[in-house]
Amino acid sequence: VTAVCLRLEPDGRVLAASAGHLAPYGNGQELELESGLPLGVSPDVAYVDTPLEAASYVLRSDAVVEAAAANGELFGFDRT
């Protein structure tokens, strides 16, 4: 199981951590996060909080990029 988590702090800071999931977008651009192991792989894994700065964020699932039209064409990363 993969996951990405954004933590919104009361002072306005945004922190993100990834467990092998697709990175979020900030202001329309894919953000760089250190990607940890998927959840449940190891009981001793530690995930890195990465500070983010953007006016808007989009979190996505691999189901979005793998969605297919009736003709079989994938939605894909470029369209995301």
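Please treat every number below as a calculation from the coordinates, not as lab data. Keep in mind the model is a prediction, meaning the values are calculated, not measured. Please note: Cβ atoms are built from the backbone with ideal geometry, for glycine as well, and neighbour counts cover all protein chains shown.
Think of the chain as a dipole: +1 on every Lys or Arg Cβ, -1 on every Asp or Glu Cβ, centred on the Cα centre; then among F75, Y25, P38, F75 lies furthest on the positive end. Under the simplified labelling scheme, the N71-N27 pair shows an inter-label distance of 3.7 nm, with each label point 7 Å from Cα along Cα→Cβ. When Kirkwood radius over Cα pairs in Å is calculated directly from the model, which label among (i) 13.9; (ii) 12.5; (iii) 12.8 fits? This structure yields the entry labelled (i).
Have a look at the DSSP beta bridges in the chain and tell me what percent are antiparallel, nearest 5.
Numbers: 14 of 16 bridges.
Taking every DSSP beta bridge within the chain, about 90 percent pair in antiparallel fashion.
Is there a quick way to get the dipole size of the chain? I mean about its Cα centre, with the Cβ of Lys and Arg at +1 and of Asp and Glu at -1; what is the value in debye to the nearest 20?
That gives the chain a dipole magnitude of about 180 debye.
Residue by residue, the stretch 6-14 carries 3J(HN,Hα) couplings of 9, 10, 9, 8, x, 7, x, 5, 10 Hz when phi is fed to the Karplus relation 6.51 cos²θ - 1.76 cosθ + 1.60 (θ = phi - 60°); x denotes Gly or Pro.
Taking amide H positions as modeled 1.01 Å from N, with prolines and chain starts lacking one, the residues under 5 Å from A3 and 5 or more places away or on another chain are A19, G20, H21, L39. When shorter helices are ignored and each DSSP H run of at least 4 residues is given -39500 (n - 2.57), the per-residue value for the chain at 222 nm works out to -1500 deg cm²/dmol.
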